[in-house]
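Quick notes on the structure that follows.
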2 protein chains.
Amino acid sequence: MTMVRQTRQRQAVIEVLRASREHPDAAWIHGQVRGRLPHVSLGTVYRTLDALVRDGVVLTIERAGQATRYDYRHEGEDHHHAVCRGCGAIFDVDAEAMPCIPVAALPPGFQVTEVRLEFMGLCPDCTPQPNAES
Amino acid sequence: MTMVRQTRQRQAVIEVLRASREHPDAAWIHGQVRGRLPHVSLGTVYRTLDALVRDGVVLTIERAGQATRYDYRHEGEDHHHAVCRGCGAIFDVDAEAMPCIPVAALPPGFQVTEVRLEFMGLCPDCTPQPNAES
DNA sequence: GTCCTTGCAAATGGTTTGCAGTGCC
DNA sequence: GGCACTGCAAACCATTTGCAAGGAC
């Protein structure tokens, strides 16, 4: 049975993740962690993040060709995401105001570990102005 | 104003996409298209797929470090996806049995072009057997 | 004829991996 | 002391891009 060890590196990654609400990517997290532990490698950050995702502690927002963004699941703060295809900005969307009723329609025997509801689109800054220059 | 041209390559990509219900990735589509048009390049397939996604004709299922899967939106067949983290299999989930009620909670001015509901988890084949060998 | 598209191939860049040394339990 | 974890750097591979030639309108 796999034994998970507590290390300085992992604590640092978790702390950085909990402290930020900007859905950071691995490189940014790496930079922050290095502020305290200068020799931590990107590889370790990725390995730690993978473990956190597997444990369900952290959610991901994945986009092809772009860095995965990580989202720490704060207690009792369920939310979904609105992702701008233009600038990549990610907005939180309150889950309570966006109810989703999973009924029995999943493949038999499928074990759900995470439900993702993502709204893809364009944020105000990236929406073409209807009334401006061409 | 941008003018979109009809080309043999684009028609082929669309046809392949419409004919398959297996959520193929770009490489697979490329292989199929080459069956008819041997010189079509992967780059062209990607460019065409990008255009189709922008037009809302095709949906994507994106996973970090793995090929994006493309899903042609067949008429009146709204569905969500269940994605296995083990083998990468993608199952369709009927949208009607999985209602999702978007209320006004999105960022003001955010233009939604696509709503994604994804169930991440493990399919029966990838679920650790509770009663088998260690 | 214009200029959007394509093919090719090289570049990009996020993520993964092998390995030898390190340190948690 | 065993073995999970780490740092480093190289490897991977999906995706993007530059450019000259080709084709749709």
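The values are calculated or read from the model by the stated rules, or taken from the named source; none is laboratory data. What you are looking at is a predicted structure, and each value in this text was computed from that prediction instead of being measured. No Cβ is skipped: glycine too gets one built from the backbone with ideal geometry, and neighbour counts run over all protein chains shown. Calculation scope for accessible area: heavy atoms of the full protein, side chains included, ligands and nucleic acids excluded. Shrake-Rupley method; radii C 1.70, N 1.55, O 1.52, S 1.80 Å.
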Q) Restricting attention to the stretch A:22-69, which residues are near DNA strand C (Cβ under 7 Å from one of its atoms) and assigned to a helix (DSSP H, G or I)? A) A:ALA26, A:ALA27, A:LEU42, A:GLY43, A:TYR46, A:ARG47, A:ASP50
**Q.** In the stretch A:19-35, the residues that are more than 11 Å from DNA strand D (Cβ to nearest atom) and not polar (S, T, N, Q)
**A.** A:ALA19, A:ARG21, A:GLU22, A:HIS23, A:PRO24, A:ASP25, A:ALA26, A:ALA27, A:TRP28, A:ILE29, A:GLY31, A:GLY35
Q: For residues that are modelled with pLDDT of 75 or more and buried (at least 16 other Cβ atoms within 10 Å of the Cβ), tally how many sit in the stretch A:93-104.
A: 1
Q: Being crowded, with 19+ Cβ neighbours inside 10 Å and without any contact (Cβ under 8 Å) to a residue 40 or more places away in the chain is the filter; apply it to the stretch A:11-31 and report the residue that is farthest from A:THR68 (Cα to Cα).
A: A:ALA12
Q) Within the stretch B:53-75, restricting attention to residues that are of a type in the set (Lys, Arg) and within 13 Å of DNA strand D (Cβ to nearest atom), which residue is least open to solvent (accessible area, probe 1.4 Å)? A) B:ARG63
(Q) Condition check: away from chain A (no Cβ under 14 Å), more than 13 Å from DNA strand D (Cβ to nearest atom) and of a type in the set (A, V, I, L, M, F, W, C). Does B:VAL16 satisfy that? (A) yes
